[in-house]
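Peer 1: Take a look at this one; I'll ask things after.
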Amino acid sequence: MSEDDREAFAALVAAGGAVKVERVREGIQHRGVKLVVAKIGGEMIGCAALKSPTDGYRAGFQKGKAQFALAEEDYPHELGYVAVHSDHEGQGWGSRLCEMVMLIAGGDGVFATTGTPSMLTRILPSLGFKWVGAVWKGLPNHNDKKKPDLHLLIRPRLDSA
């Protein structure tokens, strides 16, 4: 992926306000991350990633956030950085991008965190994810300053589901 595409990816995710652009730039450089994008006429209109979270990040879910353990052997991947440009929302791009990421994950266990209603009630459940753990307050959104209610969802390994 070109540097321009990486910057467009980071900007698209950051436009939602949940993650600062610097954090996205850093996150998409991590070893093992797989990026998926949708473009129309050369313009990136959607993106998603299959991430390989660190042990420290995982520990935060058990010790504080969701109060649920995410062992690497059970959930080696995180589905994240899902974003669709506002001009293309409601057209199924989020679902398609998540489906592509899950194809990359294969049968491995995957977790995701979200406060977005369509992800929580429609997109992730359609891919085999289920809610687990406690709901927690996220950091303030950079756009509207509200603290979202966040949920942890998991899709266990397909051979053990």
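Peer 1: Just in the range 59-161: which GluC sites (Glu not before Pro) are loop by DSSP and have at most 15 other Cβ atoms within 10 Å? Before the final figure, lay out each step's value.
Peer 2: On the way: sites: Glu72, Glu73, Glu78, Glu89, Glu99; in loops: Glu72, Glu73, Glu89.
For GluC sites (Glu not before Pro) across the range 59-161 that sit outside H, G, I, E and B with at most 15 neighbouring Cβ atoms in 10 Å, the list reads Glu72, Glu73, Glu89.
Peer 1: Now a separate question. If the viscosity is 0.890 mPa s and the temperature 25 °C, what Stokes-Einstein diffusion coefficient in µm²/s follows for the chain when Rh is the Kirkwood radius over Cα pairs?
Peer 2: The Stokes-Einstein estimate is 154 µm²/s.
Peer 1: Also, I was wondering about something else. Between Glu7 and Arg25, 0.36 nm times their residue separation minus their Cα-Cα distance comes to what? Display every interim value, and only then the final one.
Peer 2: Numbers: separation 18, 0.36 × 18 = 6.48 nm, distance 0.73 nm.
Between Glu7 and Arg25, full extension yields 5.8 nm more.
Peer 1: Follow-up. Kindly report the accessible area of the chain per residue (heavy atoms of protein chains, probe 1.4 Å, no ligands, DNA or RNA), in Å². Each step should come with its number before you reach the end.
Peer 2: Values: 8810 Å² over 161 residues.
Per residue, the chain has an accessible area of 55 Å².
Peer 1: A follow-up question, please. Given the C-alpha centroids of the range 142-161 and the range 66-105, what is the distance between them in whole angstrom?
Peer 2: Between the Cα centre of the range 142-161 and that of the range 66-105, the gap is 9 Å.
Peer 1: Next question. Give me the angle, in degrees from 0 to 90, between the Cα long axis of helix 3-15 and the longest principal axis of the Cα atoms of the chain, rounded to the nearest 10.
Peer 2: 70
Peer 1: In addition: Where the accessible area of the chain is counted over protein heavy atoms with a 1.4 Å probe, how much of it, in %, is carbon and sulfur?
Peer 2: Working: 4520 of 8810 Å².
Carbon plus sulfur share of accessible area: 51 percent.
Peer 1: Distance check, please: which entries in Lys65/Lys146; Lys39/Lys137; Lys63/Lys130; Lys20/Lys137; Lys39/Lys65 exceed 23 angstrom between their Cα atoms?
Peer 2: Values: Lys65/Lys146 17 Å; Lys39/Lys137 33 Å; Lys63/Lys130 20 Å; Lys20/Lys137 17 Å; Lys39/Lys65 34 Å.
The answer is Lys39/Lys137; Lys39/Lys65.
Peer 1: Mind checking the range 1-78 for trypsin sites (Lys or Arg not before Pro) that DSSP puts in a loop (not H, G, I, E or B) and that have at most 16 other Cβ atoms within 10 Å?
Peer 2: Working: sites: Arg6, Lys20, Arg23, Arg25, Arg31, Lys34, Lys39, Lys51, Arg58, Lys63, Lys65; in loops: Lys20, Arg31, Lys65.
Hits after loop and neighbour filter: Lys20, Arg31.
The values are calculated or read from the model by the stated rules, or taken from the named source; none is laboratory data. Note that the structure is predicted; figures quoted are calculated from it, not measured. Every residue, glycine as well, gets a Cβ built from its backbone with ideal geometry; the counts of neighbours run over all protein chains shown. In case anyone asks, the SASA skips ligands and DNA or RNA and just uses the protein heavy atoms, side chains included. Shrake-Rupley method; radii C 1.70, N 1.55, O 1.52, S 1.80 Å.
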